[in-house]
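Below: the structure, in C-alpha cells.
The values are calculated or read from the model by the stated rules, or taken from the named source; none is laboratory data. Bear in mind the structure is a predicted one, so any value in this text is a computation, not a measurement. A quick note on method: Cβ atoms are made from the backbone with ideal geometry, for glycine too, and the neighbour counts reach across all protein chains shown.
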Amino acid sequence: MERTAGDEKAADEILRRTLAANPESGPVQHALGLSLIRQKRTEDAMPLLAAAANNSPQDPRFGYVLAIALHDTGKPAEARDVLKNTLARHPFDRDSLMAFASYAMDEGQFAEALDAAQRLNELEPNRPEFARLVQELKKRTQ
C-alpha cells in the first residue's frame, strides 16, 4: 500500500521488518531489492536481488531481474551466467530468453543467441520478429 501511495521510505521500512522476520524469503528480498533500486541505491540492492534469485529458484522473474541489474551495472558476463542458470531451470521463460538472446548478440555469441531465439520462436511461433531473428542469427553462425 505504501509503495502504491508513493511512499518508498515507508515501504522500505515495512519490507525490512518483514525480512528480519523471514530472512530467507526470496519474495521479500526481491521486493526490498526493487525498492532500493527505485531509491537509486543499486549497490545496496544487488545482494538482495542475488539472494532472492538463490532462495527462490522456482521463480524465473527473480533471476531475470538480477540479470538485468547486473547488465545495467556493467557486468554483462555475470548477467549472462545468471540467465543461463535461470534458463536451465525454466527453459521457456520468455523474458529470460529475450534478455539472453540480446546480451549474447551484443557480445558476438551468435550460436548462444540462436539457441535462445529458436526457443522464443518455438514458444511464440506466430511472432514474425522471432522467426526473423532466428534467420538472421543462422546467417551469422555459418
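None of Thr141, Thr86, Thr73 is of a type in the set (Val, Ile, Thr), surrounded by fewer than 22 Cβ atoms within 10 Å (Cβ to Cβ) and at pLDDT 95 or above except Thr73.
In the set Ala11, Ala79, only one residue is in the same structural domain as Ala101 (by TED's automatic domain parsing) and either in contact with a Leu (Cβ under 6 Å, 6 or more places away or on another chain) or modelled with pLDDT under 95 (or both); that residue is Ala79.
Considering only region 25-84, state which residues are within 16 Å of Glu13 (Cα to Cα), in contact (Cβ under 8 Å) with a residue 24 or more places away in the chain and charged (D, E, K, R). Arg38 - this is the single residue of region 25-84 that is within 16 Å of Glu13 (Cα to Cα), in contact (Cβ under 8 Å) with a residue 24 or more places away in the chain and charged (D, E, K, R). Here is a list of conditions, (1) within 23 Å of Asp7 (Cα to Cα); (2) surrounded by 21 or more Cβ atoms within 10 Å (Cβ to Cβ), and Ile37 meets all of them except one; can you say which number that is? Going through the list (1) within 23 Å of Asp7 (Cα to Cα); (2) surrounded by 21 or more Cβ atoms within 10 Å (Cβ to Cβ), Ile37 breaks only (2).
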